[in-house]
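Heads up, the thing below is written out as structure tokens.
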Amino acid sequence: MAHQFDLFVLGAGSGGVRASRIAAKHGARVAICEEYRVGGTCVLRGCIPKKILVYASHHQHNISDMKNYGWTTNDVTFDWRTLIQNKEAELDRLNNVYKNLLSGSGVKTYEGTGKLVDAHTVQVGEEKITAERILIATGSSPHLPSVPGIEHVITSNEALDLPALPKRVAIVGGGYIACEFAGIFHGCGAKVTQIYRGDLVLRGFDRDCRKAITDEMTADGIDVRLNSNVTKIEKQEGELICHLDQGEPLVVDTVLYATGRKPNTRGLDLEAAGVKIDDEGAIIVDENSQTSVPNIYAVGDVTNRLNLTPVALAEGHAFADTVYGNNPRVFKHENVPNAV
């Protein structure tokens, strides 16, 4: 049976876009679908917008130090809304860049959410498209635990789009996302409390570095509460009350949870094609990113192997070279560095 495409990709993030472009470069007929702007977590809800906010937060330290070098800094103000508007303008620009990269490579883009109908058919909206092979690159999303009142919190997604800077922020979590947002909100002028169940932030990093960062965050004015858990969140008269398993309740304006991420596999109808997932919802793949269905592959966060943008890029590139470029190669996940 002749298919409309050689490859159909679900998800136009880092891994999906890279795989699509390289496969098309090798001569494959490629299509991709995306329900939102093109670029994925890194470009739209992670690395890029986060760095813009990080850069903004750093200026508080720069301004406070300027007087030591002869500069006067009277009447310096900060406007969060302007920052968010400019961040959005940059994301719109990058969205167009990625769209042009795809179209320039000969990749057809479908706007909408894709799901599997069978091993060779994807449905986007009301349209069904067939392909010899399917690549799933739908990424991951913030995970919220089962805590009473969890409906009152935000995640990193919403934190990037807040219309106004909250005066008091509680951040739950101790990973790099939690620590980075603690620095962002604190640097922009909010009172920040970070709540973490462990004894030091940044589990998995070198312990000396973890202690140094915890100490520096505390010295800079962030209230880091270790060995603490939120037991309940209440909303009263526009304020949020975080009840902890130790100490007095914490009253804030915003609670941000950064307690891990889950693969985006819900709604893909993977069972329709027989694609197997693990207990966390991640797609099970072999070293070649091949799933339990021979013609269906998966790369990036949706496989929950090593959730970093350069890794998704490398996995997508290796897949395209192996399947379409007559250059079989395996991306090794050992000894991959990361940084905060």
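The values are calculated or read from the model by the stated rules, or taken from the named source; none is laboratory data. Computed from a prediction, not measured in an experiment: that's the story for all the values here. Cβ: placed from backbone, ideal geometry, glycine included. Neighbour counts: every protein chain shown. All accessible areas refer to the heavy atoms of the entire protein, side chains included, with ligands and DNA or RNA removed. Shrake-Rupley method; radii C 1.70, N 1.55, O 1.52, S 1.80 Å.
The table for this structure:
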quantity: Radius 10 Å from Cβ of Glu34, net charge of other residues (Lys, Arg +1; Asp, Glu -1); calculated: 0
quantity: Computed magnitude of the charge dipole of the chain (debye, nearest 20; Cβ of K, R +1, Cβ of D, E -1); calculated: 660
quantity: Net charge, His120 excluded, C-beta distance under 10 Å - Lys, Arg +1, Asp, Glu -1; calculated: -1
quantity: Along principal axes, Cα extents of segment 186-278, largest first, whole Å; calculated: 53, 42, 29
quantity: Angle in degrees between helix 309-324 and the longest Cα principal axis of the chain, rounded to the nearest 10; calculated: 0
quantity: Charge dipole (segment 203-302, unit charges on Cβ, about Cα centre) - positive-most of Gln290, Val230, Thr254; calculated: Gln290
quantity: Measure of compaction for the chain (Cα Rg per 2.2 N^0.38 Å); calculated: 1.10
quantity: Rounded Å value of the spacing that divides the Cα centres of segment 54-108 and segment 142-206; calculated: 21
quantity: Shape call, segment 255-300: gyration tensor on alpha carbons, a/c limit 1.5; calculated: prolate
quantity: Ranked packing of 59-68, 289-298, 123-132, most packed first, by mean Cβ within 10 Å; calculated: 289-298, 123-132, 59-68
quantity: Cut-off 10 Å between beta-carbons: net charge of the residues surrounding Lys167, Lys and Arg +1, Asp and Glu -1; calculated: +1
quantity: Segment 261-322, accessible surface, carbon-and-sulfur percent (1.4 angstrom probe); calculated: 48
quantity: Residues with amide H under 5 Å from that of Tyr110, placed H, sequence gap 5 or more; calculated: Ile32, Cys33, Glu34
quantity: Disulfide-incompatible cysteines by the Cβ rule (no partner under 4.7 Å) in the chain; calculated: Cys33, Cys179, Cys188, Cys209, Cys242
quantity: All lysines inside 24 Å of Lys167 as judged from Cα atoms, apart from same-chain residues fewer than 8 positions distant; calculated: Lys50, Lys51, Lys87, Lys191, Lys232, Lys235
quantity: Crossing angle, helix 80-104 versus the chain [Cα axis fit, 0-90 degrees, rounded to tens]; calculated: 10
quantity: Solvent-accessible area per residue for segment 201-340 (1.4 angstrom probe, square angstrom); calculated: 54
quantity: Portion, in percent, of the accessible area of segment 73-124 that falls on carbon or sulfur, probe 1.4 Å; calculated: 43
